[in-house]
Amino acid sequence: MELAGVIIVIGIALAFDFVNGFHDAANSIATVVSTRVLSPRLAVMWAAFFNFVAFLVFGTVVAATIATGVVDPDVLSIGVVFAGLIGAIGWNLITFYLGLPTSSSHALVGGIAGAAVAKGGFQVLIASGLQKIGVFILLSPLIGLALATVVMIGVMWGVHRHRNVARLNRGFRHAQLVSAAAFSLGHGGNDAQKTMGVILAVLIGSGYLPVGSDVPLWVVLSAHTAIGLGTLSGGWRIVKTMGSKITRLQPVGGVAAESAAAATLFFTSHAGIPVSTTHTITGAIVGVGATRRLSAVRWGVASRVVWAWIVTIPGAWLIATVTYMIVAALS
Amino acid sequence: MDRRAGFFLVAAVIAAVLVPVTEAGDRWVPIAVSITYLVLAVASWADRRTRRAEHRRSAPSP
């Protein structure tokens, strides 16, 4: 019976990873598609490939943070992880329907924390882990924004000296392939690890692995396969928000935003910090817009993103709490 | 002050506020981010000032 529960929860975790790839595909390919460097079909294949191969580049430090750094591992059970996942998936579906680029990562942290608190009270929360995640929730878009602004200023300075703008634009169209690949690599590295963390949590919680275990290779490969397949399926609803609604991006802006976001993700994945890839790229796109003038950024759309950002953790928390109470009552 | 410089200044303050609540090992991150925004705020202010001066110089005298 317990094995069946573990298999079901792992299946739901991989479904969450698939939806994450589907939901976030737009982030890495919006600019490549909108500037017609690649067709939508080729663009999603490009992103999916780099999502998958990310396991060769990054370790599993983020997975360990999710599995043992958010709540006390002793409170993790199949029911808690199940309710946490339902909270995250439920919140993602609501915001997907509304076309809001919210963070699957924050939804996952909120969901797991909500379900764990419903089971064991607030003392099960690990303050240091949550503090680290909370600080980087704010810092990751700020880092993306600052890096994108600095890169754009450097590029504009180069363009000003270069003069041959047509040739430069051609160069940036091709450079977008590299920056989109780097961002997809960072996305695969950080986001697939969150699913690995959830699977690791359920394996530890059900006693199949001892606390402190490394992530098994089959978990690493299945998480990267799920996110890659999700990206391959492509979510187009958010492409419009990321590619044109926040600010209109040109090839040069796309390269700056993607490379800045990729650098942020590389750093945070290396440091074991689960951050929102969506908010990192959103911050970077705002940074690109801000180099022209602040009015180039559509602040109405940006503020909707910020509101969604603020309510994601409480929203997923609430759904997970209710789900856990139902699960506990039924069992 | 121009709005963009103000925006960068607010970002610098937010990053600075995060310094004490960040773990000691990662504290250099909000510090570096805060300094970057401060530099951007000064650069933005200087850019606007230069543009205004150029605009005044190029405007036809009465």
ask   = Taking the Cα atoms of the protein assembly as shown, what is the range of coordinates along each of the three principal axes, in descending order and whole Å?
value = 88, 44, 35
task = Counting helices only, and only those DSSP H runs with n ≥ 4, report the 222 nm mean residue ellipticity of chain A as the sum of -39,500 (n - 2.57) divided by its residues, in deg cm²/dmol to the nearest 500.
result = -27000 deg cm²/dmol
message = Test of understanding: ordering A:Lys119, A:Lys132 by Cβ neighbours within 10 Å, fewest first, what list do you get?
response = A:Lys119, A:Lys132
request  = Neighbouring Cβ atoms within 10 Å as the yardstick, rank A:Arg170, B:Arg27 fewest first.
outcome  = A:Arg170, B:Arg27
message = How charged is the neighbourhood of A:Phe183? Take every other residue with its Cβ under 15 Å from the Cβ of A:Phe183, and add Lys/Arg as +1 and Asp/Glu as -1.
response = -3
task = Give me the angle, in degrees from 0 to 90, between the Cα long axis of helix A:299-330 and the longest principal axis of the Cα atoms of chain A, rounded to the nearest 10.
result = 20 degrees
key: Shielding score for A:264-276, defined as the mean number of other chain Cβ atoms within 10 Å   = 1
key: Fewest-first sequence of A:Asp74, B:Asp26, A:Asp17 by Cβ atoms within 10 Å of each Cβ   = A:Asp74, B:Asp26, A:Asp17
ask   = Where does the charge balance sit around B:Leu9 when Lys and Arg score +1, Asp and Glu -1, over other residues with C-beta under 15 Å from its C-beta?
value = +1
note = Yeah, the range A:49-119 with a ≥ b ≥ c from its alpha-carbon gyration tensor (a/c under 1.5 is rounded, else prolate when a/b outruns b/c, oblate otherwise) is oblate
request  = Would you tell me the mean number of C-beta atoms belonging to other protein chains that fall within 10 Å of each C-beta in A:126-136, as a whole number?
outcome  = 2
Within-11-Å neighbourhood charge of A:Thr231 [Cβ basis; K, R +1; D, E -1] = -3
request  = Report Rg(Cα)/(2.2 N^0.38 Å) for chain B, keeping two decimals.
outcome  = 1.58
ask   = What would the Debye formula give as log10 I(q)/I(0) at q = 0.16 Å⁻¹ for the alpha-carbon point model of the range A:53-183, no solvent?
value = -0.95
task = State, as an integer percentage, the relative contact order of chain A based on alpha-carbon contacts under 8 Å between residues 6 or more apart.
result = 39 percent
ask   = Mind checking the angle between helix A:217-233 and chain A's longest principal axis? C-alpha axes, 0 to 90 degrees, to the nearest 10.
value = 50 degrees
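Just so you know, all these numbers are worked out from the coordinates, no wet-lab data involved. It should be emphasised that the depicted structure is a prediction, and the values quoted were computed from it without experimental measurement. We place every Cβ from the backbone using ideal geometry, glycine too, and count neighbours over all the protein chains shown.
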